[in-house]
Structures are given as C-alpha cells and as structure tokens.
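> Here's a structure for you.
The values are calculated or read from the model by the stated rules, or taken from the named source; none is laboratory data. Source: prediction; values computed, not measured. Glycine also receives a Cβ, built like all others from the backbone with ideal geometry; neighbour counts cover every protein chain displayed. Areas reflect the complete protein model, heavy atoms only, side chains present, ligands, DNA and RNA absent. Shrake-Rupley method; radii C 1.70, N 1.55, O 1.52, S 1.80 Å.
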Amino acid sequence: MKLNLTRNEKLFLSVFAIVYAALIIYVIVTGYEYALEGVGIRWIYQLPFGEGPLSRINPMTVFMTWGIMALIIIVALNFRKFELMPGKRQTLMETLLGYMLELTEDAVPRKRFIKPTFTIACTLFIFILISNIITAFPGLNTTVTEDGVKLTLFQDTWYSPTSDLNTNATYAVMVLFISHVFAIKAKGLSTWIRSFFQPHWLMLPMNIISEIAKPISHSLRLFGNIMGGGLLVLIISYLIKYFVMPPFLWGFFGLFIGAIQALVFSMLAIAYIGSLLE
Amino acid sequence: MEMADALVQMGKYIGAGIAMGIGAIGPGIGQGNIGSRAMEAMARQPEMVGTLTTRMLLAMAVAESTGLYSLVIAFMILLVA
C-alpha cells in the first residue's frame, strides 16, 4: 500500500505525531500519578430541584457528549460536496458506510426498513467510535477525592461518555424501542402480540425476559470494555511502574478495543432490529 | 478496625477474586474454540484469511462480554460502597 500524501497532510500528520510524543514525555516527566485513590468514583452533581436518581447528573458526560456531537457536525459539514472521482477522505467514508450497508442488507429481510436501520446503526457507530478513540489520548479528566472534584489536564485520557453506563443504556433502550416499533409497523399489532405467545402461551414470561435482557447485555458489554479498560490501565501501571508506560496501554485499549466494540455495538443493533422483522 | 469491619473487608476481597476467577473460565473456553476453528478454516482456505480474521475478532469481542460482566461485578464489589 502506497500513500500519496499532499504537503498539507504531511504537515498535519507530523505536527500531530510531535504533539502526541510531547504529551507522552510531558506525562512521564511531570510524574504520572500511580495512586489508585478515587478510582472508579464519578463526579456527580445534584441539581437544586427534584430528588432521587433523576435529579443527579454527571457533568463530564454531558459536556463530552456535546463536544463530540459538535465535532461530528463540523466534520459532516465538510463532507457536503460529493464528487464522482472520490478523494481520499470520501473513499474512506464510502468504504466504511458501504461495509455497514452490506451488513444491514444481509440482516434486515424487509426492503422498506433497510435505510432507516442503516441510518440508526451508522449514527451509533460514528458516535461510539469517536468517543472510544479519544480514550487513547491524554486530555481532560476528573479525579474525585475527599476534598472535592479536581480537574486534571493531560494526567489521564479524555473522559469518554461511553464509560458511563447512562449513555450506553440510553442507546440500548433506544434500539429496543425502535426494533419493536419497526416490528409493529411491519407485521401489524395482532401479529406482534401473538409473537410473544410463540411457540406456546406458557412461554410468555420467557419471551418478555429475553426482550428485557437484550438492552442490559447490549449496554453492559460496551460499558465493561471501556470502563474496565481504563481501570485496567491504571492498575497495570500501578503494578509494573517502571516497565510499561500508560500511553501504550491507552493506545491498545482506546484504538483497538474501542474500534471493535463500536462495530460490535452497531452490528448487534442491526441484528436486534432485523431479528424482529422476520 | 473492628472485627465486623475487617470481616466485611475480607468478604469483599474474597468475593471479588472468586467472581473474576470463575467468570473468566467461560470466555476463555469460548475464545479458545473460536480461535481454533478460525485457524482450521484459515488452513483450509488461505485466501480467506482477511475476512476470517475480522470475523474472528468480532466473535471474540462478543464472547468476551460475559467475562466483562464479572469484571464489572468485581469492580462494583471492590469500589462501590
């Protein structure tokens, strides 16, 4: 494979590499804190009104979600002009989306629902991919100690919205709702209700439990990978202080595992929607 | 530290260790099966190596999830409350 890069792209890539290397050196020189204090504790803000779990928010999740959405919108606005002879970025996007479209066409049996399913799955894929990949780079994060909340810059990776179970559960429940709405639209209400009594009416509780279990396993898979990856990096760095530098582990867990899990999440969304349409 | 607190602490550590240790058996067996079958398929059809590798990684990521549930449970036992 031969890459033909223009001068601007070479400049951008070299600046990017230099900044990343400088960040790694900065993290190592200023003393990466191997303390396990406050690991796994989130910054939770209690809203002045209301009570119970619905009145508490996680400010970092909200902030990073809006940031990533703004990033995606800015990138998408640059893709407005499609050309017949595709450039490099357009080829990349077309390959990615073409692969997703093939998967959707294989899994969804009804022609009418291919395009909406494809749109949903691609939106989920791009958002989750970007929010997983930013965990490979040092950036803004928070540590919660007994004194209060401390914002740290370049001490840990960027805070990822997918390492919060609320984000993942939202998307998983959304996929469940969409799949049932599509099923009702495709098959009609009476057939949909009858599908819960298959193969015998005694199986009704089992069918309901299997539907409820879908979003749970769907969301916990992504949450466990991203959150567990972040904690594992901290613990491995703590155990073998002077042999493994955290930036390389961040690269593995962020880029490799993150990309695979984003693909798995959107593929399972397609499969859940497709399996109810048969 | 009082005796009761010490016992609770001990229970937490033992519980987290058992949860992670037993929970890692299932995904290990599953991933081993996936890997061995993928190797067989690759040996039979070397021209399919690219597709098979990506499918193998995807299947492994799905099989891994039960192990990750036990990881989450172990972290919850250790860190939350």
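> Given the conditions (1) surrounded by 12 or more Cβ atoms within 10 Å (Cβ to Cβ); (2) free of Cβ contacts under 8 Å to residues at least 60 places away in the same chain; (3) within 23 Å of the chain's Cα centre (by Cα), report the number of the one that A:Met60 does not fulfil.
(2)
> Within the range A:158-170, does at least one residue satisfy the condition of being surrounded by 14 or more Cβ atoms within 10 Å (Cβ to Cβ), more than 24 Å from A:Arg221 (Cα to Cα) and touching a residue at least 40 places away in the same chain (Cβ under 8 Å)?
No, the conditions are met nowhere in the range A:158-170.
> Still on this structure: Restricting attention to the range A:171-184, which residues are in contact (Cβ under 8 Å) with a residue 12 or more places away in the chain and open to solvent by 60 Å² or more (accessible area, probe 1.4 Å)? If you could, list the steps in order and put the result at the bottom.
Going residue by residue through the range A:171-184, those that are in contact (Cβ under 8 Å) with a residue 12 or more places away in the chain are A:171-173, A:175-176, A:178-180, A:182-183.
Within the range A:171-184, A:Val173 is the sole residue that qualifies.
> Turning to a different aspect of this structure: Here are the criteria: (1) open to solvent by 10 Å² or more (accessible area, probe 1.4 Å); (2) within 12 Å of the chain's Cα centre (by Cα); (3) not small (Gly, Ala, Ser). Tell me which single one A:Asn132 does not satisfy.
A:Asn132 satisfies all of (1) open to solvent by 10 Å² or more (accessible area, probe 1.4 Å); (2) within 12 Å of the chain's Cα centre (by Cα); (3) not small (Gly, Ala, Ser) except (1).
> Checking A:Ala262 against (1) surrounded by fewer than 17 Cβ atoms within 10 Å (Cβ to Cβ); (2) closer than 26 Å to B:Arg55 by Cβ: exactly one of these is not met. Which one?
Of (1) surrounded by fewer than 17 Cβ atoms within 10 Å (Cβ to Cβ); (2) closer than 26 Å to B:Arg55 by Cβ, only one is false for A:Ala262: (1).
> So which residues in the range B:52-81 are open to solvent by less than 40 Å² (accessible area, probe 1.4 Å) and either facing chain A (nearest Cβ under 7 Å) or of a type in the set (Lys, Arg) (or both)?
Residues satisfying the conditions are B:Leu58, B:Ala61, B:Ser65, B:Leu68, B:Leu71, B:Val72, B:Phe75.
> Here is a follow-up. Of these, B:Ile22, B:Ile18, which one is more than 11 Å from chain A (Cβ to nearest Cβ), exposed (fewer than 11 other Cβ atoms within 10 Å of the Cβ) and among the β-branched types (Val, Ile, Thr)?
Details: B:Ile18 fails: exposed (fewer than 11 other Cβ atoms within 10 Å of the Cβ).
So the residue among B:Ile22, B:Ile18 that is more than 11 Å from chain A (Cβ to nearest Cβ), exposed (fewer than 11 other Cβ atoms within 10 Å of the Cβ) and among the β-branched types (Val, Ile, Thr) is B:Ile22.
> Just for helices (runs of 4 or more DSSP H) wholly inside the range A:161-278: which have at least 3 residues that are more than 20 Å from the chain's Cα centre (by Cα) and within 14 Å of another protein chain (Cβ to nearest Cβ)?
A:204-239
> Search the range B:44-62 for residues that are more than 15 Å from A:Ala259 (Cβ to Cβ) and at pLDDT below 85 and pair each with any residue that is hydroxyl-bearing (Ser, Thr, Tyr) and assigned to a helix (DSSP H, G or I) when their beta-carbon atoms are under 8 Å apart and the residues are at least 6 apart or on different chains.
Nothing qualifies.
> So which of A:Leu101, A:Leu96, A:Leu71, A:Leu84 is modelled with pLDDT under 80 and either more than 20 Å from A:Ala169 (Cβ to Cβ) or crowded, with 17+ Cβ neighbours inside 10 Å (or both)? Show your work before the answer.
Numbers: A:Leu101 fails: modelled with pLDDT under 80; A:Leu96 fails: modelled with pLDDT under 80; A:Leu71 fails: modelled with pLDDT under 80.
Going through A:Leu101, A:Leu96, A:Leu71, A:Leu84 in turn, just one is modelled with pLDDT under 80 and either more than 20 Å from A:Ala169 (Cβ to Cβ) or crowded, with 17+ Cβ neighbours inside 10 Å (or both): A:Leu84.
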